[in-house]
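Before any comments, here is the structure.
Read-outs throughout are calculated quantities, based only on the coordinates presented, and are distinct from any laboratory measurement. Bear in mind the structure is a predicted one, so any value in this text is a computation, not a measurement. Neighbour counts are summed over all protein chains in view; Cβ atoms, including those assigned to glycine, are modelled from backbone coordinates with ideal geometry.
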Amino acid sequence: MIQHIASWPVLLPMLAAIILLLPPCGKSIPIRRVVSIVMSIITACVSVALLITVYKNGPIVYAIGDWQAPFGIVLVADLLSVLMVVLTSFLALTVALYSSVGDDEKGSFFHPLVHFLVLGVNGAFLTGDLFNLFVFFEVLLIASYALLMHAGDKHKTRAALQYVILNLIGSSVFLIALGILYGVLGTLNIADMSVKVSQLQGDDVFLAKIGGLLLLVVFALKGALLPLHLWLPNTYASAMPVVAALFAIMTKVGVYAMLRVYTVIFGENAGPLNHMAQPWLWGLAIATIVIGAIGVLAAQDLRKLTANLVVVSVGTLVALVAIQHVSATAALLYYLVHSTLVCAALFLLADLISHQRGKVADRLAPGRGVAQPVLLGACFIVAALAVVGMPPLSGFVGKVWILKTTLDSERALIFWPVYLIASFALLVALTRAGTSLFWERKHQDRDHPVEDNAKPMQVIAVIALLAGSPLMVIFGGPITEYMIAAATQLHDITLGINTVLKGGL
Amino acid sequence: MELLYASCVGILVTCGIYLLLRARTFPVVLGLTMLSYAVNLFLFSAGRLTINKAVVLGTGADYADPLPQALVLTAIVIGFAMTAFVVILAIRGRADLGNDHVDGHLVKSNSKEQK
């Protein structure tokens with residue numbers, strides 16, 4: 001059993017989703033909720049167990065059906081991918097908890113869809129094969145389409161239509177890119193591709209370059225990089241906040257795929273194609289930070305503001321991908337975990353706040369005060385401090401680390417001003433948001449009915465997400481060591497190739 | 001054969017992209033379908049176009065690359081599911097938004113004009 005552990009984070013959510021569709025869970029709401037939460041806890045525990053195993057014993061390569069790489073499909077559990085899997089499972093657990101007080105019954109099949117989404121995301125993180133990555137992308141996308149329509153209204157239909165069509169075009173481009181790369185390289189296994197890429201000659205180099213840059217288009221669409229980010233604010237702001245919180249991991253799938261493909265395949269050892277995407281990534285990332293910060297300043301409600309915060313964080317992450325250096329990748333991983341948790345928490349907070357403010361909802365306008373100003377205010381200030389990057393929370397550590405890794409190169413001249421001014425813009429926007437949400441009241445407060453209060457489960461979910469930020473500072477030492485180890489492993493391409501192609505279960 | 005095949009793919013992609021850029025959902029769905037046909041043909045050609053070769057490995061020294069065929073099969077299945085979803089969504093959008101524009105011009109502006 002234990003040698004199959006690398007496949008469990010993919011199989012368990014699938015099992016959970018199927019169980020949730022079957023009669024006892026399909027009919028009774030309490031049973032469905034309990035099963036969903038229990039299965040999320042099991043998935044999270046297994047992910048953590050996998051992380052510990054990989055940390056102790058080195059990467060696990062799991063050949064599905066015992067078909068060896070490069071011919072079969074492999075799952076590769078190295079430090080980077082298991083970190084992402086743990087993050088996803090944890091996020092899914094908090095979402096399952098949060099939704100279990102009523103949000104899940106506003107439409108059908110909420111819990112199974114959450115587990116299918118986790119199946120797709122975990123699969124995309126673990127797979128060592130590009131075509132398999134495409135398949136898992138589709139799995140997570142179709143679950144996300146349905147989740148986006150959960151508790152549907154007009155705005156959701158409009159946002160969903162655009163989101164679905166854009167992603168379908170993205171899938172076609174992905175397939176064309178895979179076709180080109182397969183035609184040139186004769187393989188789709190990531191490790192094998194990185195071997196073959198360096199041996200390319202003649203016109204094949206240009207074909208591979210076209211394929212690789214088409215992949216960049218796809219990942220930029222998933223990750224919401226500048227020219228292709230326009231779908232994100234609308235989609236995330238019109239989805240239910242609990243769904244948007246879960247979507248916080250989806251842009252990170254795009255960033256993760258960029259990190260894998262442009263470090264391992266088109267990285268240092270790629271011969272004529274080494275670092276080919278770097279200039280594109282760098283320019284677009286800087287522009288994304290700028291546009292995201294402008295979006296944050298212009299946002300009229302808290303959900304749209306958070307959606308634009310996601311765009312800013314994607315820009316920062318991609319800028320670090322472009323640097324392609326061990327220390328930059330380690331900083332990227334730290335910032336990625338931090339920003340996912342905080343953005344998810346902010347979406348959930350936006351839901352609680354808008355629920356308690358009545359008609360004004362989460363618009364940044366004077367209106368009714370919230371029912372629990374102390375609790376929500378405290379959560380908001382923690383989230384805001386973390387996301388802006390003020391001491392003493394994880395955002396600050398992440399920011400200092402990012403600035404430090406960019407210091408040595410001449411890139412600092414561009415990156416530092418842009419990033420620091422963007423952070424300042426975030427600070428201004430969040431201060432304004434907090435002031436108008438909690439302090440500006442239009443009329444005398446009537447007493448809030450008790451049912452307005454946040455339910456214990458919702459508070460637990462939000463606090464669990466927010467607790468990540470101080471914990472990442474308190475346990476900063478071991479976490480930093482882990483991130484550096486993961487980044488070193490990713491950049492050690494020959495080691496990766498050897499484990500995948502010569503090892504295997 | 002290569003010329004014919006390549007122009008087929010090219011024409012399909014051109015038509016698909018033209019239709020994708022239309023404002024209404026039905027042409028867009030048609031465009032998506034055309035694009036996915038083109039993609040399937042293209043993926044198939046990734047294993048090189050050959051004739052008179054065995055389909056299955058092991059029956060002869062010379063065989064066609066089986067992997068692109070598997071890829072195409074997967075792509076077709078996924079493409080079907082996604083197209084079905086987008087068709088249903090387009091119908092839902094027609095009902096919810098009162099028109100079939102992709103960016104969903106709200107009904108209000110139309111009804112005002114009529115008044």
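A few notes on this one:
- Relative contact order of segment B:2-105, taken over Cα pairs closer than 8 Å and 6 or more residues apart, is 25 percent.
- Pairs with C-alpha atoms separated by more than 29 Å, drawn from the list A:K209/A:K252; A:K27/A:K252; A:K27/A:K455, are A:K27/A:K252.
- Residue range of chain A that is longest and free of GluC sites (Glu not before Pro) which are both DSSP loop and sparsely packed (at most 14 other C-beta within 10 Å): A:1-267
- Shape metrics for segment B:2-105, restricted to C-alpha atoms - Rg then Dmax, Å: 17.9, 61
- ³J(HN,Hα), Karplus 6.51/-1.76/1.60, whole Hz, each residue of segment A:44-61, x for Gly, Pro: 5, 4, 4, 4, 5, 4, 5, 4, 5, 4, 5, 5, 7, 9, x, x, 10, 10
- Within 10 Å of each Cβ in A:160-170, the average number of Cβ atoms from other chains: 6
- Going from the residue with the fewest nearby Cβ atoms within 10 Å to the one with the most, A:W401, A:W439, A:W416 rank A:W439, A:W416, A:W401.
- Given 13 as the ceiling on other Cβ atoms within 10 Å, longest exposed-site-free region of chain A for trypsin sites (Lys or Arg not before Pro) in DSSP loops: A:1-441
- Cα gyration tensor, the protein assembly as shown - rounded (a/c under 1.5), prolate or oblate: prolate
- Counting charges near B:G31 (Lys, Arg +1; Asp, Glu -1) among other residues having Cβ under 15 Å from its Cβ returns a value of +1.
- Note on B:39-48: average number of Cβ atoms from other chains within 10 Å of each residue's Cβ is 5.
- Rounded to the nearest 20, the Cβ-based charge dipole of the protein assembly as shown about its Cα centre (Lys and Arg +1, Asp and Glu -1) stands at 1540 debye.
- Net +/- balance of residues flanking A:G267 in space, Cβ distance below 12 Å, scoring K and R +1, D and E -1: -1
- Filtered chymotrypsin sites (Phe, Trp or Tyr not before Pro), segment A:17-126: DSSP coil and at most 16 other beta carbons within 10 Å: A:W67, A:F71
- Full extension of the chain between A:F424 and A:I474 gives 15.5 nm of extra length, using 0.36 nm per residue less the Cα-Cα distance.
- Global form of segment A:22-141, assessed from the alpha-carbon gyration tensor, a/c cut-off 1.5: prolate
- Take A:464-470, B:34-40 and order them by the average number of nearby Cβ atoms within 10 Å per residue, most first; the result is B:34-40, A:464-470.
- Using a Förster distance of 30 Å, the FRET efficiency for B:V77-B:I51 (Cβ separation, nearest 0.05): 0.65
- Overall form of segment A:180-315 per C-alpha gyration tensor (a/c, 1.5; a/b vs b/c): prolate
- Contour minus Cα-Cα distance for A:D408 and A:L207 (0.36 nm per residue): 68.9 nm
- Value at 222 nm in deg cm²/dmol, rounded to 500, when DSSP H runs of n ≥ 4 in chain A each add -39,500 (n - 2.57): -24500 deg cm²/dmol
- Label sites at A:I460 and A:L297, each approximated as a point 7 angstrom past Cα along Cα to Cβ, lie 4.2 nm apart.
- Residue-averaged beta-carbon neighbours from other chains (10 angstrom radius) around B:83-93: 4
- Relative contact order, whole percent, for chain A stands at 16, derived from Cα pairs under 8 Å and 6 or more residues apart.
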